[in-house]
Structures are given as C-alpha cells and as structure tokens.
1. Give the residue that is nearest to residue 150 (Cα to Cα), with candidates limited to residues of the range 25-56 that are assigned to a helix (DSSP H, G or I), out of contact with any helix residue (DSSP H, G or I) (no Cβ under 6 Å at 6 or more places or on another chain) and without any contact (Cβ under 8 Å) to a residue 40 or more places away in the chain.
2. Of all residues in the range 204-225, count the ones that are in contact (Cβ under 8 Å) with a residue 24 or more places away in the chain and under 20 Å from residue 158 (Cβ atoms).
3. Output the qualifying pairs, or none if there are none: Cβ atoms under 6 angstrom, residues six or more apart or on different chains, first residue in the range 229-242 and on the phi < 0 side of the Ramachandran plot and without any contact (Cβ under 8 Å) to a residue 60 or more places away in the chain, second residue surrounded by 11 or more Cβ atoms within 10 Å (Cβ to Cβ) and in a helix (DSSP H, G or I).
4. Hey, can you tell me all the residues within the range 15-47 that are over 17 Å from the mean Cα position of the chain (by Cα) and surrounded by 16 or more Cβ atoms within 10 Å (Cβ to Cβ)?
5. Residue pairs, Cβ under 8 Å, 6 or more apart or interchain, first in the range 131-160 and free of Cβ contacts under 8 Å to residues at least 40 places away in the same chain and on the phi < 0 side of the Ramachandran plot, second surrounded by fewer than 24 Cβ atoms within 10 Å (Cβ to Cβ) and part of a helix (DSSP H, G or I). List them.
6. Please work out which one of (1) modelled with pLDDT of 95 or more; (2) out of contact with any helix residue (DSSP H, G or I) (no Cβ under 6 Å at 6 or more places or on another chain) is the condition residue 133 fails and give its number.
7. Please go through the range 92-120 and pick out each residue that is in a helix (DSSP H, G or I), surrounded by 12 or more Cβ atoms within 10 Å (Cβ to Cβ) and at pLDDT below 95.
C-alpha cells in the first residue's frame, strides 16, 4: 500500500493524540487549553474523512480508529472538562488531589464521566445505523464535545457569572441532557454542503449566519451558543416536517 493511503489514519491518530492531551490538560487545571486541543481534533476529524474520500483510502482499521479517536476527543476530554468544573465549584481549584475530597465530593467529580458511556453508545449506534448516511439521528459526539469545551473556555477566561455554571447540579444536568441527546431519535440535519446554492442548503446558511455573529462576539466560546442553536433548530425542523406529514395523511 502506498504511503499516501496512510494519510487518513495518520490524521485520525493526530485526533486521538490531541484528545488524550486535552483530557490530561483538563485534569491538571487548564480546560482552556483542552478547548484548543478538542477544536484542533475536530479539524483533523473532518480532514481524515475528506482525505479518505479523496484518496479512496477506506479500511476497517480506519473506521475503528476513527471511532476510538472520537470517543477520546469528544467523549473523554469533554467529560474531564466537566469533572474539572465540578472540582472548581467544590474547592475553588480547577484541579487537586482526588483523595483529599470527601466521598460525596468524589462521587460528584466522577459523575460527568457518564458522558463517555453515552458517547460510546452514540458511536456504536452510528456505525451500525444505515439511516445516518445523509443526516444524523441524535446529536453527534463532535458537537457535544465542542459545546462542552467551549463553555469551559468561557467560564475559565471570563469568570464572573459564568462561574455559576460550574455548580455540580448544573453540570450534572448538562451531562443528563447531552447524554440523552446523544442516543435520542431526534433528526439532526447534516452540516455538510454538497453545493453552494441556496436551495437545499437553507438550514445550513441560517446556522452559518448565527455562527458568524457568535464567533464575532464570543470567539472560541461561540460554540457554547452555536451547538444549542443547532439542536433547537433541528428539533423545530423535525416537528415542522412531522406536522406536514400528519396534515397530508389527514387530508
């Protein structure tokens, strides 16, 4: 096999390395750096698929490696960030010795890692679900991970009222909501453009405009706004489509 055909797996391996590094940085108290690692991992996640299509370099190993990398970068690293947020709320420190915490505090610090379990379920479901070739069923691990690290970046950099979101119960509520979204049956429209015309891409352009405004005002933290907007917009579209189908059947 030509060395060129190894490029997609090399990019995926870079994704995995960045995810592992991001998880470590979160656990040592630098969730802001984790955000950059996860965003870079998301870029490599896009590029490895693009390279595989361009080079026709598909393989079972590449598929398995991609899922593993996504689980670490968009499951483990974000969960570590959420755990660091809980630790900060309980102790005023973004990191510290786990064994110095009380038992109840230890449990609260570990609970965010449930997100990893649901991320794994999401990836397994995606790999075996033929319905998700053109759009998604449930929220992707990538979107979940980017929202989490973006929010942590805002909290770490801005402080102030943002720190209220590190409350353990607020964090656990986020874990519950995103865990449910990961394995839900809610249709989420694909963000991939097959052409640049308005027809067929209306939803993508609307989200793109919202994203640009958010990026201007919040920069890296914009994803904490963009992802919820994407979820809500997808839900509204799904309800609208279902309503139209019901009206046609009734008519």
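1. 43
2. Going through the range 204-225 one residue at a time, the tally reaches 6.
3. 229/210
4. 25, 27, 29, 30
5. 132/126
6. (1)
7. Selection gives 98 alone.
The values are calculated or read from the model by the stated rules, or taken from the named source; none is laboratory data. Note that this is a predicted model, so its numbers are computed, not measured. With ideal geometry, Cβ positions are generated from the backbone for all residues, glycine too; neighbour counts draw on all protein chains shown.
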